[in-house]
Amino acid sequence: MSLPEVHLAGGTCAEALRLAPVALAMREQGLVAPVLLAGGPEPTNVARTYISCGLAADITLPATADLTASIRRYDRLWAERTPAAVVVRGDNLGAALAAHWRRIPIMHMDAGRRSGSLVADDADANRRLLAQVATVHLAAAPLAAMNLLDERVIAGDVLLTGGTSVEAAQLLAGHTRQPKRPRANRVVVTGVSAGFEEAVREAMLVITANQPDLDVFGGLPMPYPERSRLVAAADVVLTDDVDLAEEALAAGRAVLVPGDGGALTEAIHAGGARLVDAEAGEIVAAMVELLGSRVRRDSMGTAGTPYGDGHAAARIAQATAALLGKGQFPDPMPARPQAGVHH
């Protein structure tokens with residue numbers, strides 16, 4: 001008898017990177033048949049992300065520029081090839097709504113993450129709406145699980161699994177060649193909100209003027225695995241982009257977060273990330289302090305990541321199989337992962 005088919009819907013490169021370990025865990029457990037989807041505005045890049053992890057997209061959807069088109073693409077696919085369940089990550093609302101309307105169970109990875117900002121945030125709004133249609137909410141950290149409970153999500157539908165950034169880092173490291181040449185200090189600057197760009201640009205000009213051996217990389221996003229190589233080579237990552245910060249923490253890199261850091265509260269409390277005022281002088285001072293002290297950088301790096309312990313993919317795969325009547329749901333991730341879990 002064939003295994004129930006589970007579709008993993010990757011709408012961005014960051015989503016694809018985190019879905020890849022789940023597909024591998026599903027294959028290893030042998031209880032469901034994972035099908036990797038490459039969709040979103042740039043499905044070719046999503047497919048390339050799977051390839052960088054040693055996998056291939058099973059289905060590549062036509063590019064979609066808006067939510068309505070995204071829903072239509074997924075709906076057409078699932079009208080002909082209806083899966084037993086769909087796995088989405090983050091704010092992939094198009095796939096979630098299409099699955100909901102076809103009564104397909106939805107496993108929502110990285111559920112419950114909220115920015116904490118009072119300013120309207122499209123991604124936050126999508127995540128809140130997605131929480132209304134998800135079948136099982138897979139939270140990456142305890143605070144995310146608490147957010148869902150505060151929003152009256154049924155406690156039995158919430159599972160603390162952790163996120164898969166640690167496993168994704170391992171996958172990329174195993175399939176990409178790391179540079180062996182000596183390097184200068186490197187700072188990755190990317191994913192900064194529009195309101196912070198000018199302050200960051202001014203700060204980087206000051207820092208590079210005084211440290212000519214410093215390499216500063218900005219202007220991300222860039223494709224994997226190049227992005228992951230830059231993060232692995234960095235001494236400090238300056239970003240308020242949650243995905244990039246999560247990847248840096250998984251790689252054991254010190255993270256500076258401009259602004260209020262609402263979406264990275266757990267990492268700030270754990271010590272792997274540090275808040276800095278989004279003002280050029282404050283950014284310069286914090287950056288110079290970290291670049292000048294290997295001990296301070298290492299102490300932040302060894303704090304590890306609160307967003308996964310290296311076993312999240314296995315938990316998510318097991319939970320998906322359990323939802324379909326194959327086995328038991330996994331135990332939740334320990335509330336505080338061991339420090340120093342990174343690769």
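FYI, it's all coordinate maths here, none of it is from the lab. The structure presented is a predicted model; accordingly, all values stated were derived computationally and were not measured. Neighbour counts run over all protein chains shown; Cβ positions are idealised from the backbone, glycine included.
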Per the rule of 0.36 nm per residue minus the C-alpha distance, extending Arg152 to Thr60 adds in nm 29.5 nm
Given the candidates Pro334, Pro4, Pro223, the one whose Cα lies deepest towards the positive end of the charge dipole of the chain, counting +1 at each Lys or Arg C-beta and -1 at each Asp or Glu C-beta, is Pro4
Subtracting the Cα-Cα distance of Leu143 and Asn45 from 0.36 nm times their residue separation yields 32.1 nm
So Ala285 and Arg76, fully extended at 0.36 nm per residue minus their Cα-Cα distance, gain in nm 69.9 nm
In debye to the nearest 20, the charge dipole size for the chain, taken about the Cα centre with +1 at each Lys and Arg Cβ and -1 at each Asp and Glu Cβ, equals 1100 debye
Computed over region 180-301, the relative contact order (Cα-Cα under 8 Å, seq sep at least six) in percent reads 28 percent
The simple spin-label model distance between His175 and Ser299, using points 7 Å out along Cα→Cβ, in nm, is 3.8 nm
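Take each of the peptides 96-105, 159-168, average the number of other beta-carbon atoms within 10 Å over its residues, and list them starting from the highest.
159-168, 96-105
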Packing-ranked peptide list from 294-300, 280-286, 50-56, highest mean Cβ count within 10 angstrom first, is 50-56, 280-286, 294-300
Per-residue ellipticity at 222 nm attributable to helices in the chain (runs of n ≥ 4 DSSP H, -39500 (n - 2.57) apiece, nearest 500 deg cm²/dmol) works out to -13000 deg cm²/dmol
Given the candidates Ala251, Gly112, Ala125, the one whose Cα lies deepest towards the positive end of the charge dipole of the chain, counting +1 at each Lys or Arg C-beta and -1 at each Asp or Glu C-beta, is Ala251
In debye to the nearest 20, the charge dipole size for region 206-343, taken about the Cα centre with +1 at each Lys and Arg Cβ and -1 at each Asp and Glu Cβ, equals 580 debye
